[in-house]
């Protein structure tokens, strides 16, 4: 195994070790995109691959990733939880009938955003699904598109690094308060909100919807 701090360096190290048949198993990395690449190599060399943090549903496909295992639930649990919360509010109170899903451009965001959109559309919720480019410079443009639309319920389904930048920008644009409802996937943890440089007022309006339905 290799414990390099840089994900790309660790991937290269694993490839070299696997090619030399000097590795029995690989643990990590901590994101779904990197895990997907590592698992492809693990499959080729028949090396068991265990992840402690990669949650993308696509990695559950044993036809494509037969050597992949994980010690945490896949994202299908949280997408169901988020959709059930939104559908409950919609059916019980007539709110959240129009939702914008803003997801990342990696495997975690794309897979989760797609599944969530399907669940909500089956429940007759109007969904606008937007993929956030990796370049943070596009955040103002994307937020302008959301602000000019009709939906005021926004789900962030992306990495923590990208999500906190979106929240910072959204607060600066005044996209919070009674008019707005933000929901986030489990990559964005409330315990870390103090480090995101967002106000308590904005943070109070965020719903941590995965599994526990904490709002």
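Since every read-out is calculated from the coordinates, none of them should be taken as a lab result. Remember, it's a predicted structure, so these values are computed and weren't measured experimentally. Note that each Cβ is placed from the backbone with ideal geometry, even for glycine, and that neighbours are counted across all protein chains shown.
Observations
- Shape call, the range 7-70: gyration tensor on alpha carbons, a/c limit 1.5: oblate
- Taking 203, 170, 137 as the candidate residues, the one with maximal mean-square fluctuation in a Gaussian network model of the chain, Cα springs under 10 Å, is 137.
- Beta bridges per DSSP with both ends in the chain, % antiparallel, nearest 5: 5
- Using alpha-carbon coordinates, inclination of helix 160-172 to the longest axis of the chain, degrees: 20
- Shown for the range 39-80 is the translational diffusion coefficient from the Stokes-Einstein equation, using the Kirkwood radius over Cα pairs, a temperature of 10 °C and a viscosity of 1.306 mPa s: 150 µm²/s.
- Peptides ranked, highest mean first, by Cβ atoms within 10 Å: ranges 102-112, 30-40: 102-112, 30-40
- Taken over the C-alpha atoms, the range 57-138 has Rg and Dmax values of 14.6, 45 angstrom.
- Candidates 100, 150, 79, ranked by Gaussian network fluctuation over the chain, Cα under 10 Å, top entry: 150
- When the alpha carbon gyration tensor of the chain is reduced to an equivalent ellipsoid, the three semi-axes, largest first, read 34, 19, 14 Å.
- For the pair the range 15-89 and the range 126-165, the centres of their Cα atoms are 26 angstrom apart.
- 12, 125 arranged by Cβ crowding within 10 Å, fewest neighbours leading: 12, 125
- Principal-axis tilt of helix 7-19 within the chain, Cα atoms, nearest 10 degrees: 30
- Normalising the average separation of contacting C-alpha pairs (under 8 angstrom, six or more residues apart) by the number of residues puts the relative contact order of the chain at 15 percent.
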